[in-house]
1. For residue 82 and residue 17, calculate 0.36 nm times their separation in residues minus their Cα-Cα distance, and state this gained length in nm to one decimal.
2. Please list, in chain and number order, the residues 5+ apart from residue 59 or on another chain whose amide H is under 5 Å from its amide H, with Hs placed from the backbone.
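Please treat every number below as a calculation from the coordinates, not as lab data. Fair warning: this is a prediction, and the values are worked out from it, not measured in the lab.
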Amino acid sequence: MRLKDQVAIVTGAGRGIGVAIAKGLAREGAAVVVNYSRSATEAAEVVRDIHGAGGIAVAVQADVKELADHDRLVSAALGRFVSATIICVPRGLRHRPIYGRALPQDPLAAAAPGFPTPSPDREPAPVKPARAES
């Protein structure tokens, strides 16, 4: 479990390669935020599969093509897991123009200033217990 005590936000994790990435990260011990835009049923199935294999996962709806949804995705992840150490954007959103301009290299970090960015010279913070859902 190389990724124990880490949290991964995986965009597009309800379908396609995002499913494989989310499940792979969970198999390696990461808690996974399964992001989806329109595939709620599929995302719920991914979460069930991860839970069934003994992993930790939560589904969060956000259309990451919309900058306004970036904050909601990151806030939901941080509200549930308190910290996050991995962001995986398998569809290469930085190449897709939005509102007539290209996204920055790291769209989620740019949309959520202050989001903790892992540094190679320090150990990632351990995952804090999930907050109770109301």
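1. On the way: separation 65, 0.36 × 65 = 23.40 nm, distance 2.62 nm.
Fully extending the segment from residue 82 to residue 17 adds 20.8 nm.
2. Residues meeting the criterion, in which the H sits 1.01 Å from N, are 34.
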